[in-house]
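Okay, structure first, notes after.
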């Protein structure tokens, strides 16, 4: 089985003159990312590898998670910034099969589009919520009954968790 964590970066500042790539987390975003890290730790949910957008808000989201989870290998990949769902799917299909649980930390709309495309099963209300919106700081956990990442396919994921920052408040 393969587990895929999709985490949209937490809420960021919108400061005049600051490039989108360099936007830092806002205080509510820092709090939400820390709460998500605590949630993962409390539920013993831990990725084997994190692939993270190098945009500042995504990196800071990952740092808050790691403060709760401890050491997890992290790779910052430039193309994750504003990646499409198809690009993200290609990336996860290239993941080493020794990785059982992969986390992608990235951005809308690619991350949301990927989550909706992959989630075929799960509790109805959670699926409906996911299809409607992937808020900043939200986590999607999908399980796939495959042994190889290259076999992950649209509609084959079971939605195990859809957690929004407001669910943790």
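The angle between the Cα long axis of helix 56-69 and the longest principal axis of the Cα atoms of the chain comes to about 70 degrees, rounded to the nearest 10.
At a Förster distance of 22 Å, what's the computed FRET efficiency of residue 153 paired with residue 42, Cβ-Cβ distance as r, to 0.05? After rounding to 0.05, the efficiency reads 0.10.
Antiparallel beta bridges, as assigned by DSSP with both residues in the chain, represent about 45 percent of the total such bridges.
Computed from the Cβ-Cβ distance with R0 of 41 Å, the FRET efficiency linking residue 93 to residue 128 stands at 0.90.
Between rounded, prolate and oblate, where does segment 10-113 land on the alpha carbon gyration tensor, with a ≥ b ≥ c its root eigenvalues, rounded for a/c under 1.5, else prolate if a/b exceeds b/c? Because a/c hits 1.5 or more and a/b fails to exceed b/c, segment 10-113 counts as oblate. Once the Cβ-Cβ distance of residue 19 and residue 121 is raised to the sixth power relative to R0 = 35 Å, the FRET efficiency obtained is 0.30.
Per-peptide packing, taken as the mean over residues of other Cβ atoms within 10 Å, places 99-107, 8-16 in the sequence 99-107, 8-16 from highest down. Where the centre of each part is set by its Cα atoms, how far does segment 125-159 sit from segment 21-56, in angstrom? Answer, in whole Å: 18.
Only the coordinates and a few stated rules stand behind these numbers; no lab work does. In this text, all values refer to a predicted model and were calculated from it rather than measured experimentally. When we count neighbours, we look across all protein chains shown, and the Cβ atoms used for this are built from the backbone with ideal geometry, even at glycine.
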